[in-house]
Amino acid sequence: MKREKGILIFCLASLLFSRPFNQRASIEGNNDRSYWLSVMRRIADPVFEALSRGQLRSRMPVETMPGLEERRKVTHLEAFGRLMAGMAPWLEMGPDASEEGKIRQRYIELAVKSLANAVDPKSADFMNFTEGSQPLVDAAFLAQALIRAPRQLWGNLDEGTRHHLINALRSTRAIKPPFNNWLLFSAMVEAALLKFDGNWDPMRVDYALKQHEQWYKGDGVYGDGPEFHWDYYNSYVIQPMLVDIIRTLKDAGQASEEQFQRVTARAKRYAAVQERLVSPEGTFPALGRSLAYRFGAFQLLSQMALMHELPEEVQPAQVRCALTAIIRRMAEAPGTFDGNGWLRIGFCGHQSSIGEGYISTGSLYLCTVGLLALGLPADDVFWKSPPADWTSKKIWSGQEVKADHALRN
């Protein structure tokens, strides 16, 4: 028996290592992709299954800090808009004959049905786009999703849903944003109106862009308003929205290539910093507010990988491996999901104290923006390259690492 078992192990090993090295690496890399996809589906399924049937309000639990039950009025748009912003690049790849392509077709259909229910005033799940100030935030994330997946989202909507959607986005103009990163929420909504309707307000966009140019602090970092904050809002909101807004304007002839390259250069520098923040163990500093967004803190790094705009010294494989380590730690922490698969408040598991006054169950779905790189095809170098150590893992194990330098512009 021992001899037979030994022969079997030898044969399996021979089969694996007889493959070309790059083919073996591709298999290993795509295991990471399969894992990312499983995490995204686990997060998305309760939202889509409920909303596509017009049952989100009746089925989604609402966890929030005691005394803040009014978050129930905004939490559903939070969950949907943020989930869509993260899934959009993957959805935009469209259906195909592969197993993943067939899975994607199902999720495109669910997303379109969900979107129709979210914006139809006659739907049981018609969402709040005007009451309070929070709807502006999550209308902006929904607008960002449309910009990231114009063919599969906007392109698959019927005329009635398009009409409802444009009205819903336009209705958020009644909300006045505070003098900080919220200016970008108004600008993102207007960018989507420019792209899909043509009836946009250039002043709201211009004001947001000019203010953020004034708030640039140097070395790839913007202030959240006039002040600098030690948190992850450069990745949760500021830099991804700047990149997507200016790219949309550029495509419409409303911004220059130079503007786009300037914000992209700053985003690349911030991506380099983010990659260095990942510890050898696959953790990162629990710093600043909104930690309940979990691995959404790495939206910008994932977006730069998606755009093939990583810094020269940061290879795609090391980003994939660093992000996979983080996602595993957070997604698999006990208590992250409730018994029905809904996200629970916390950073690593269920930690209700992490939930600030503006955090509720819907807020948590911003974690999906950390998965933007799923929008890269399975044969992209990001997925098929051999596993690689990220910077902190290299340097703490005594490997050679290039010196880090600030961005000077």
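I'd like the residue in the stretch 124-149 that is outside any loop (DSSP other than H, G, I, E, B) and of a type in the set (Val, Ile, Thr) and, out of all such residues, is nearest to Leu194 (Cα to Cα). If you could, list the steps in order and put the result at the bottom.
Initially, the stretch 124-149 is screened for residues outside any loop (DSSP other than H, G, I, E, B), giving 134-148.
Restricting the remaining residues to those that are of a type in the set (Val, Ile, Thr) gives 137, 147.
Working: Val137: 18, Ile147: 10 Å.
The residue in question is Ile147.
Scan the stretch 51-91 for residues that are among the hydrophobic types (A, V, I, L, M, F, W, C) and either within 18 Å of Thr336 (Cα to Cα) or surrounded by fewer than 22 Cβ atoms within 10 Å (Cβ to Cβ) (or both) and the total you get is 6.
Residues checked against (1) hydrophobic (A, V, I, L, M, F, W, C); (2) touching a Pro at 6+ places or on another chain (Cβ under 7 Å):
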position: Leu51; (1), (2): yes, no
position: Pro61; (1), (2): no, no
position: Arg71; (1), (2): no, no
position: Leu83; (1), (2): yes, no
position: Pro95; (1), (2): no, no
position: Gly101; (1), (2): no, yes
position: Lys113; (1), (2): no, no
position: Lys122; (1), (2): no, no
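Look at the stretch 256-286 and say how many of its residues are farther than 16 Å from Gln299 by Cβ and not basic (Lys, Arg).
To start, the set of residues in the stretch 256-286 that are farther than 16 Å from Gln299 by Cβ comprises 256-262, 265, 276, 279-283, 285-286.
Retained after the next criterion (residues that are not basic (Lys, Arg)): 256-261, 265, 279-283, 285-286.
Counting residues in the stretch 256-286 that are farther than 16 Å from Gln299 by Cβ and not basic (Lys, Arg) gives 14.
Does any residue of the stretch 256-269 turn out to be closer than 25 Å to Ser397 by Cα and at pLDDT 95 or above? The answer is yes, given that some residue of the stretch 256-269 is closer than 25 Å to Ser397 by Cα and at pLDDT 95 or above.
This table checks each residue for (1) among the aliphatic types (A, V, I, L, M); (2) touching a residue at least 12 places away in the same chain (Cβ under 8 Å); (3) in contact with a strand residue (DSSP E or B) (Cβ under 6 Å, 6 or more places away or on another chain); (4) over 22 Å from Trp390 (Cβ atoms).
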{"residue": "Glu309", "(1), (2), (3), (4)": "no, yes, no, no"}
{"residue": "Glu313", "(1), (2), (3), (4)": "no, yes, no, no"}
{"residue": "Val319", "(1), (2), (3), (4)": "yes, yes, no, no"}
{"residue": "Pro334", "(1), (2), (3), (4)": "no, yes, no, yes"}
{"residue": "Gly346", "(1), (2), (3), (4)": "no, yes, no, yes"}
{"residue": "Thr361", "(1), (2), (3), (4)": "no, yes, no, yes"}
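Among the residues of the stretch 200-224, just one is of a type in the set (Gly, Ala, Ser) and more than 22 Å from the chain's Cα centre (by Cα), namely Gly218. Scanning the stretch 376-398 for residues that are more than 30 Å from Pro95 (Cβ to Cβ) and acidic (Asp, Glu) turns up just one, Asp389.
For Val314, the criteria (1) of a type in the set (Val, Ile, Thr); (2) farther than 19 Å from Pro280 by Cβ; (3) surrounded by fewer than 24 Cβ atoms within 10 Å (Cβ to Cβ) hold in every case but one, which is (2). Every test in (1) in a helix (DSSP H, G or I); (2) in contact with a helix residue (DSSP H, G or I) (Cβ under 7 Å, 6 or more places away or on another chain); (3) under 24 Å from Leu306 (Cβ atoms) is passed by Gln152 save one, and that test is (1). Residues of the stretch 225-250 that are touching a residue at least 12 places away in the same chain (Cβ under 8 Å), among the charged types (D, E, K, R) and not in a loop (DSSP other than H, G, I, E, B): Asp244, Arg247.
Each residue in the stretch 363-409 was checked for being within 30 Å of Ala97 (Cα to Cα), more than 22 Å from the chain's Cα centre (by Cα) and surrounded by fewer than 14 Cβ atoms within 10 Å (Cβ to Cβ), and 1 of them qualify. Filter the stretch 274-298 down to residues that are of a type in the set (A, V, I, L, M, F, W, C) and within 16 Å of the chain's Cα centre (by Cα) and give me whichever is farthest from Val401 (Cα to Cα). By that ranking, first place goes to Ala292.
With respect to (1) more than 30 Å from Ala168 (Cβ to Cβ); (2) outside any loop (DSSP other than H, G, I, E, B), the lone exception for Asp206 is condition (1). Checking each residue in the stretch 321-375 for being among the hydrophobic types (A, V, I, L, M, F, W, C), in a loop (DSSP other than H, G, I, E, B) and either touching a His at 6+ places or on another chain (Cβ under 7 Å) or closer than 17 Å to Phe80 by Cα (or both) picks out Trp342, Ile345, Ile359. Test Leu183 against the criterion of being under 30 Å from Ala406 (Cβ atoms) and touching a His at 6+ places or on another chain (Cβ under 7 Å), and give yes or no. Here the answer is no, as Leu183 does not meet what is asked. A count restricted to the stretch 147-171 and to residues that are over 18 Å from Asp125 (Cβ atoms) and in contact (Cβ under 8 Å) with a residue 40 or more places away in the chain stands at 8. A Cβ distance below 7 Å, combined with a sequence gap of six or more or placement on separate chains, defines the contacts here; from the stretch 277-303, residues that are on the phi > 0 side of the Ramachandran plot and in a helix (DSSP H, G or I) reach residues that are surrounded by fewer than 24 Cβ atoms within 10 Å (Cβ to Cβ) and not aromatic (Phe, Trp, Tyr) in the pairs Arg294/Met330.
The values are calculated or read from the model by the stated rules, or taken from the named source; none is laboratory data. What you see is a predicted model; the values in this text were computed from it and never measured. When we count neighbours, we look across all protein chains shown, and the Cβ atoms used for this are built from the backbone with ideal geometry, even at glycine.
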